[in-house]
Structures are given as C-alpha cells and as structure tokens.
C-alpha cells in the first residue's frame, strides 16, 4: 500500500508492503501515480519518500513473478519500475528519500533518482540483480557511487553502507535509526520555505543539465533482462532465490 499525506507544503509518500517492501508490479505503478499527483499539486513544494518497516525497499516481488505463468509479471514489473523511477526524477519538486535498513534493487532506482538522500546509520545499499538473473538500476547506482565501485557492486552484488555513501557525497545526512524521516522532513521544510516557482524552475534546470539520460539508460539495461529471460537463466536464478538457495 502507498500512503500519502500533505502538511505545510511537504507531501510524504510512504511505501508499506510487508514483510520487506518488495513491491508487486501494481505497487510500482501506484507509487508512480502518487509521485505524479504530488508534483501536479501546486500546494506541494517538496516530497519526502519513505517506507514503513525494517527496510526501505527490497526491489520487485520475485515470488509474484515465479507464481505467474509466462512473462506478463516480468513485463509489468519492468514497466512499473520504469514508471516509478521516472516519476521520482521528473517530479516537478525536489524529492527527499528517507532510507532505513535495506535499499536493494528497485530501491536503488528510487534513491538514485531522488534529489536528496537521508539515511539512518543502519541503512545499506546494493544491487543483487546478477544473483537474481536480471540487470538494471546500474544507471541509478552510478549516481550514488563512483564508476569503478559501481561496477564492482554490480559484478559481486556487494553492498555499501550509509556512511560510505555519505563519504561519496550522495547521502546528505546519516541519522540515528528511526530519525531519518524527521531529518528528511527538516530538509523538505527548508525547501518548502523558498519561492516555489524558483524551486520548480531549479528542479527542471538541474534535470536539463544531467550528463546521462536516465530514462534511455535504464531502458537499455532492461533490454538485457529480457534477453536473459529468453535464455532461461533468469528463471533459474529467480527460482533459486525463492527456494532459499541465495
């Protein structure tokens, strides 16, 4: 479920998909819709993207894919992720991600496209895609860590901590556990106090000078996931995960 609230110009969008915030395909579309609606509301001056539970986001719901015949669940998950990542990036107002616990797979796509990241000291980030028979969100990981570390993380599926991302400058602030949403709202409030016309122009201008087209880059990555599925290796990797072997 996606929860939405608005107070003093700051919208909070909260992911709540127990037990680990692995979003089903429809959940990604619902998240994209909430982000678009927030950005379209002239009362909204900043968005805090947060999550309930012990982790921010565990990516797509692999079990949903494995219990669905054919490729429809995979196609919808890929399209849903694309829609949600795009909605974060193109949201007309700044999006502040408040991260706790695990931020994996699709979570990297959300955080990598956010304008600002606040993370609790127990947060960790990674792309286990290679172990899951998929590729994607390296586009967004490259916005969080240097190129060579990004490549090592993709190949080995290793994680990095909030402290490491703070060192690289991609996490603005590391908080005590449970304090990340409060800190994110403080940053959002400081943005909401600015002239909203100027802030929206700033967001559009910053997107306009990005060196990488995140939409095309991520879609290119997704093409390899489709290829891997045609070979059958992706299904084997996903089933191994469902069976608890990875």
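Taken together, the values in this text are just the output of simple stated rules run on the coordinates, not laboratory data. Quantities reported herein were computed from a predicted structural model and do not represent experimental measurements. Glycine gets a Cβ as well: all are built from the backbone with ideal geometry, and neighbour counts include every protein chain shown.
Once the Cα atoms of helix 214-231 and of the chain are each reduced to a long axis, what angle between those two axes, in degrees from 0 to 90 to the nearest 10, is obtained?
20 degrees
Based on the mean of other Cβ atoms within 10 Å per residue, sort peptides 154-164, 22-32, 176-186, 106-116 so the most packed one is first.
Working: 154-164: 16.3, 22-32: 21.7, 176-186: 17.9, 106-116: 26.6.
Result, highest mean Cβ count within 10 Å first: 106-116, 22-32, 176-186, 154-164.
To the nearest 500 deg cm²/dmol, what mean residue ellipticity at 222 nm is calculated for the chain from DSSP H runs of n ≥ 4 alone, each contributing -39,500 (n - 2.57), summed and divided by the residues?
-15000 deg cm²/dmol
Arranged by the count of other C-beta atoms within 10 angstrom, fewest first, what order do 233, 187, 95 take?
Working: 233 12, 187 20, 95 28.
Ranked by crowding around the Cβ, least crowded first: 233, 187, 95.
Could you list 86, 5 so that the one with the fewest beta carbons within 10 Å of its beta carbon is first and the one with the most is last?
Least to most surrounded, the residues fall as 5, 86.
If I stretch the segment between residue 52 and residue 201 completely, what's the gain in nm (0.36 nm per residue apart, minus their alpha carbon distance), one decimal?
Working: separation 149, 0.36 × 149 = 53.64 nm, distance 3.14 nm.
Gain on stretching residue 52 to residue 201: 50.5 nm.
Taking the Cα-to-Cβ direction at residue 72 and at residue 193 and moving 7 Å from each Cα, how far apart do the two end points lie in nm?
Roughly 5.2 nm, to one decimal.
Round to the nearest 10 and give me the degree value, 0 to 90, for the angle of helix 180-192's Cα axis relative to the longest principal axis of the chain.
With both axes taken from Cα atoms, the answer is about 50 degrees.
Subtracting the Cα-Cα distance from 0.36 nm times the residue separation, let me have the gained length for residue 236 to residue 41 in nm, one decimal.
Details: separation 195, 0.36 × 195 = 70.20 nm, distance 4.41 nm.
Length gained, residue 236 through residue 41: 65.8 nm.
Against the longest principal axis of the chain, how steep is helix 196-208, in degrees 0 to 90 to the nearest 10, with axes from Cα atoms?
That works out to roughly 40 degrees.
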